[in-house]
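The values are calculated or read from the model by the stated rules, or taken from the named source; none is laboratory data. On a predicted model such as this, the values are computed, not experimentally measured, just so you know. For neighbour counting, all protein chains shown are included, and Cβ atoms are generated from backbone atoms with ideal geometry for every residue, glycine included.
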Amino acid sequence: MNHHPSTIGPDMQATVVPLASPHRDVARYEADLIEVTRRVIASGSYIGGPELDALEKALARAIGTEAATGVGSGTDALIFAMQAAGIARGDEVIVPSHTAGPSVAAINALSATPVFVDVEFDTACIDVNRVAAAIGPRTKAILAVHLYGHPARIEELVRLAADHGISLIEDCAQAQGARLMDRPVGSFGRFGCFSFYPTKNLGAIGDAGAVAGSTDGVSLVRQLRTYGWREPQFAEIPGGRCSRLDELQAGFLNVRLKGLDEDVRARREIARAYNERLAGLPIALPVEHKGAYHAYHLFVVKSDRRDALKEHLAKSGVMTGIHYPFPAHRQPGLTAGGRIEGTLDVTDRLQKQILSLPIFATMSGGEVDRVAEAVRRFFGN
Ligand SMILES: Cc1ncc(COP(=O)(O)O)c(C=O)c1O
């Protein structure tokens, strides 16, 4: 199932502005990717080999951690990171309800208990005061999500986690290339977890993910994602299974990683243009906290007239999204065993107001104009 239904294939792109365009983003690298494919085919190593080794080293360098390891998806990255941090049945993990479902599904996969807290209205990232209030005797970790590409208040969360002797795990699925005080996200917590789903800032041509962290921590993740093996065919630790980033995807990601900073700059330029063109309208534009470097995976505006605006934009040939239409605490498939700490008023308010406008690295100036004009028209400007 395509869980990003608002993205479209190349055939429709002439008529509408897509929300994201993995096809156009990837097509720039077609010649390089064909070269990678030839090299991998010739190597005969399709799982585990030089492409993955190179990617893991390059990721650790880019994120600023001792090590990184590839896994099969962003969801698996979260599961393995929490598993390696010792989170198990009955342990509580504090998580924002306003996030992508997989953040919470990963907690449930370990039979741990999600404790839902509210987010800040301006960035839609986890509210540190709510986290502090939610910490109790069973709390084992905080799962901070750098939602939309804006860094959560990670320095305060690092302090909070240290004061209480619990782990901080960063969900960086939407934040490749984001920084706080010039330091990349994913390098602050015990582990940083990444998704390379095709629409992400660093997208593969399939499923892939990674975990970044200390040498020892990442070694443990690598062991868990390889059946718990200490050496081939000898399972040393329990809970191991199989989740791999194959050589083809690793080779593709090596190519795209080189362009990541430039792609994020392109996203920021689009965000700057939107902010300029949409200033003064009765909508809330995204903010960037002092010291934060927003990676603009998504450009999310807020409006009391969200549904009408969405419909108007669709009629104008502008695709939009809602990230996310259902908060995690309202999804029966995610809440089993979980509990809510405090109120989730901001989460509920956001869910009614948020609208994601098109943004992707290869979006043209003409497309940005079209979107901005269509939004302005809606408000009679
Ligand atoms: C915030 C967040 N966490 C986790 C994930 C899961 O990543 P994946 O789809 O690669 O499993 C995603 C993306 O889908 C995400 O946006």
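With respect to Val40, is the statement that it is touching a residue at least 24 places away in the same chain (Cβ under 8 Å) and more than 15 Å from the ligand (Cβ to nearest atom) true? Outline the logic, then answer.
Working: touching a residue at least 24 places away in the same chain (Cβ under 8 Å): yes; more than 15 Å from the ligand (Cβ to nearest atom): yes.
Yes: the conditions hold for Val40.
Restricting attention to the stretch 204-214, and to residues there that are more than 11 Å from the chain's Cα centre (by Cα) and touching a residue at least 60 places away in the same chain (Cβ under 8 Å), which single residue is farthest from the ligand (Cβ to nearest atom)? Working first, answer last.
Residues of the stretch 204-214 more than 11 Å from the chain's Cα centre (by Cα): 204-208, 210-214.
So of that shortlist, the ones also touching a residue at least 60 places away in the same chain (Cβ under 8 Å) come out as 205, 207-208, 210-214.
Working: Ile205: 13, Asp207: 6, Ala208: 7, Ala210: 10, Val211: 12, Ala212: 15, Gly213: 17, Ser214: 22 Å.
Selected residue: Ser214.
Pull out all pairs, ordered by first then second residue, where Cβ-Cβ is under 7 Å, the residues are six or more apart or on different chains, the first lies in the stretch 70-81 and is without any contact (Cβ under 8 Å) to a residue 60 or more places away in the chain, and the second is within 10 Å of the ligand (Cβ to nearest atom) and part of a helix (DSSP H, G or I).
Within 7 Å, the pairs are Ile79/Ala106.
Any residue in the stretch 186-198 that is in contact with a helix residue (DSSP H, G or I) (Cβ under 8 Å, 6 or more places away or on another chain) and more than 30 Å from Lys140 (Cα to Cα)?
If we filter the stretch 186-198 for residues that are in contact with a helix residue (DSSP H, G or I) (Cβ under 8 Å, 6 or more places away or on another chain), which is where we start, we get 186-198.
Adding the requirement that they be more than 30 Å from Lys140 (Cα to Cα) leaves 198.
Among the residues of the stretch 186-198, at least one is in contact with a helix residue (DSSP H, G or I) (Cβ under 8 Å, 6 or more places away or on another chain) and more than 30 Å from Lys140 (Cα to Cα), which makes the answer yes.
Please go through the stretch 188-199 and pick out each residue that is touching a residue at least 40 places away in the same chain (Cβ under 8 Å) and either within 7 Å of the ligand (Cβ to nearest atom) or of a type outside the set (D, E, K, R) (or both). Step through it out loud before you land on a result.
Going residue by residue through the stretch 188-199, those that are touching a residue at least 40 places away in the same chain (Cβ under 8 Å) are 189-199.
If the condition is that a residue be touching a residue at least 40 places away in the same chain (Cβ under 8 Å) and either within 7 Å of the ligand (Cβ to nearest atom) or of a type outside the set (D, E, K, R) (or both), then Gly189, Phe191, Gly192, Cys193, Phe194, Ser195, Phe196, Tyr197, Pro198, Thr199 are the ones that fit.
So is Glu35 more than 13 Å from the ligand (Cβ to nearest atom), in a helix (DSSP H, G or I) and surrounded by 18 or more Cβ atoms within 10 Å (Cβ to Cβ) or not? Lay out the reasoning, then the answer.
Values: more than 13 Å from the ligand (Cβ to nearest atom): yes; in a helix (DSSP H, G or I): yes; surrounded by 18 or more Cβ atoms within 10 Å (Cβ to Cβ): no.
No.
Can you work out which of the residues in the stretch 129-138 that are of a type in the set (A, V, I, L, M, F, W, C) and in contact with a strand residue (DSSP E or B) (Cβ under 6 Å, 6 or more places away or on another chain) is farthest from the ligand (Cβ to nearest atom)?
In this case the residue turns out to be Ala134.
Does Arg370 fit the bill of being surrounded by 13 or more Cβ atoms within 10 Å (Cβ to Cβ) and either basic (Lys, Arg) or assigned by TED's automatic domain parsing to the domain that holds Val128 (or both)? If you could, list the steps in order and put the result at the bottom.
Working: surrounded by 13 or more Cβ atoms within 10 Å (Cβ to Cβ): yes; either basic (Lys, Arg) or assigned by TED's automatic domain parsing to the domain that holds Val128 (or both): yes.
Criteria met by Arg370.
Could you check, for the stretch 96-110, whether at least one of its residues is away from the ligand (no atom under 16 Å from the Cβ), more than 16 Å from the chain's Cα centre (by Cα) and not acidic (Asp, Glu)? Can you show your working first?
Just the residues of the stretch 96-110 that are away from the ligand (no atom under 16 Å from the Cβ), to begin with: none.
The answer is no, given that none of the residues of the stretch 96-110 is away from the ligand (no atom under 16 Å from the Cβ), more than 16 Å from the chain's Cα centre (by Cα) and not acidic (Asp, Glu).
For the stretch 141-156, give me each residue that is more than 20 Å from His297 (Cβ to Cβ) and in contact with a strand residue (DSSP E or B) (Cβ under 6 Å, 6 or more places away or on another chain). Full working, then the answer.
Here is the first cut: in the stretch 141-156, the residues more than 20 Å from His297 (Cβ to Cβ) are 141-142, 155-156.
Listed by number, the residues that qualify are Ala141, Ile142.
Please specify each residue of the stretch 158-175 satisfying the condition of being within 21 Å of Ser73 (Cβ to Cβ) and in contact with a helix residue (DSSP H, G or I) (Cβ under 6 Å, 6 or more places away or on another chain).
Within the stretch 158-175, Ile169, Asp171, Ala173, Gln174, Ala175 qualify.
Of the numbered conditions (1) free of Cβ contacts under 8 Å to residues at least 60 places away in the same chain; (2) under 21 Å from the mean Cα position of the chain (by Cα), Arg89 satisfies every one except a single condition; which is it?
So the condition that Arg89 fails would be (2).
Name the one entry in Ile126, Ile79 that is within 12 Å of the ligand (Cβ to nearest atom), under 17 Å from Leu350 (Cα atoms) and hydrophobic (A, V, I, L, M, F, W, C). Show your work before the answer.
Details: Ile79 fails: under 17 Å from Leu350 (Cα atoms).
Matching residue, one of Ile126, Ile79: Ile126.
Looking for something charged (D, E, K, R), away from the ligand (no atom under 15 Å from the Cβ) and free of Cβ contacts under 8 Å to residues at least 40 places away in the same chain - is there at least one such residue anywhere in the stretch 215-223? Break it down into steps so the answer makes sense when it comes.
Looking only at the stretch 215-223, we keep the residues that are charged (D, E, K, R), and these are 216, 222.
Filter once more, so that each one left must be away from the ligand (no atom under 15 Å from the Cβ): 216, 222.
Within this subset, residues satisfying the condition of being free of Cβ contacts under 8 Å to residues at least 40 places away in the same chain are 216.
Checked against the condition, which is being charged (D, E, K, R), away from the ligand (no atom under 15 Å from the Cβ) and free of Cβ contacts under 8 Å to residues at least 40 places away in the same chain, the stretch 215-223 yields at least one hit.
For the stretch 291-316, how many residues meet the condition of being in a loop (DSSP other than H, G, I, E, B) and either of a type in the set (Lys, Arg) or closer than 14 Å to Ile354 by Cα (or both)? Lay out the reasoning, then the answer.
Step one: filter the stretch 291-316 for residues in a loop (DSSP other than H, G, I, E, B), giving 291, 294-298, 303-305, 316.
If we keep only those that are either of a type in the set (Lys, Arg) or closer than 14 Å to Ile354 by Cα (or both) too, we end up with 298, 303-305.
Adding up the residues that qualify gives 4.
Would you please name the residue that is farthest from the chain's Cα centre (by Cα), looking only at residues in the stretch 317-341 that are under 12 Å from Pro96 (Cβ atoms) and assigned to a loop (DSSP other than H, G, I, E, B)?
Among those residues, the one meeting the criterion is Glu341.
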